[in-house]
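Throughout, read-outs are computed from the coordinates displayed, never taken from laboratory work. The model shown is predicted, which means the values in this text are computed figures rather than measured ones. A quick note on method: Cβ atoms are made from the backbone with ideal geometry, for glycine too, and the neighbour counts reach across all protein chains shown.
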Amino acid sequence: MNLIFLGPPGGGKGTQARIAQDQYGLVQIATGDMLRDAVKQGTELGKKAKEYMDAGQLVPDDLIVNMIRERIEAPDCANGFILDGFPRTVEQAKALDRMLDDTGRKLNAVIEIRVPDDELVRRITGRFTCANCGEGYHDEFKKPQKDGVCDKCGGTEFSRREDDNEETVRSRLTAYHEQTAPIIPYYESTGLLRVVDGTKPIEEVTGDLTKILEEVSG
C-alpha cells in the first residue's frame, strides 16, 4: 500500500503516519530526513544534492524524485510506503506519478488531515517541554500533574521553542496553504484524495484513517 499524507504543521500527520506504519508494515518516508541522510552517507544522489544545498539553491525536483525511487526500491519498502512532506507542488506530483509508473507502482490514497488554522495555533503555541528529560506538555491538553514539576523526572525547568509563537505559526501555515492548495484539486481529480477530520482525539482520527486504509488496500 502506497500513500501520501498531507497536513499542516501541528495537524498530527507525523503521529498518524507512525501509527499506520506500525499497523501495516509500511515505511514512513519524510523527504527532509531522507535528503539529510543521503548527504550524510555520501551517496551519489546525496553528493549532487549537497552541491545545490551548499550553493544555497533548492534541490531540483527530479533529484528528490530519484532519491524517493531509490528509497522505495529498498527491501524494507516491499509492503509499501507513506510519503510525508512530498509532493508540495503539482509539478512534483506529476513527476512522482511518472516515476511510480516507471517502477510499476501506484498510489492507493492521498490522505489530507484537515485542521482549522486557529486550532493549530492553539495546539502549537501551547507546547512546552521539560528542560531536563524532554517530556512534552501543553498548556491546555497535557499539563504536569503537579504544577511546575515534570511527571517523568521531577524536573522543575521547562522550555518552549522560540518558533512556537503565533506570528511564526501563522506564517508557516500561510506557506503550507500556498504550497498545498493546488495539490488538493489535482489529487481530487484522480479520485485518490481522502479527507480526515484532524480536530478529533488521536484515537478517533486513527479509527477514521484505518477505515480508509482498509477500503483502499483491497
Cα long-axis angle, helix 166-180 against the chain (0 to 90 degrees, to the nearest 10): 20
The chain: angle of helix 44-54 to the longest principal axis, Cα-based, in degrees nearest 10: 60
Fluctuation leader among Lys94, Lys40, Lys146 - the chain, Gaussian network, Cα springs under 10 angstrom: Lys146
Per-selection Kirkwood Rh - the range 114-218 (Cα, Å, 1 d.p.): 16.5
Mean separation of Cα contacts under 8 Å, 6 or more apart, over the residue count of the range 112-218: relative contact order %: 30
Volume of the Cα convex hull of the range 51-99, divided per residue and given in Å³: 92
For Kirkwood radius over Cα pairs in Å, calculated from these coordinates, the label among [x] 19.0; [y] 18.3; [z] 17.7: [x]
Most mobile listed residue (Val149, Val90, Val115) in the chain, GNM with C-alpha springs under 10 Å: Val149
Estimated [θ] at 222 nm from DSSP helical runs (n ≥ 4, -39500 (n - 2.57)) normalised by residues in the chain, nearest 500: -15000 deg cm²/dmol
Neighbour cut-off at most 11 other Cβ (10 Å), DSSP loop, GluC sites (Glu not before Pro), the range 65-115: Glu73
GNM top mover of Thr15, Thr199, Thr156 - the chain, alpha-carbon springs below 10 Å: Thr156
Positive-end extreme of charge dipole, the range 25-151 - chosen from Asn108, Gly32, His138 (charges on Cβ): His138
Cα centre as origin, Lys/Arg/Asp/Glu Cβ charges: the chain dipole, Debye: 240
Centroid-to-centroid separation of the range 162-184 and the range 20-40 [C-alpha atoms, Å]: 22
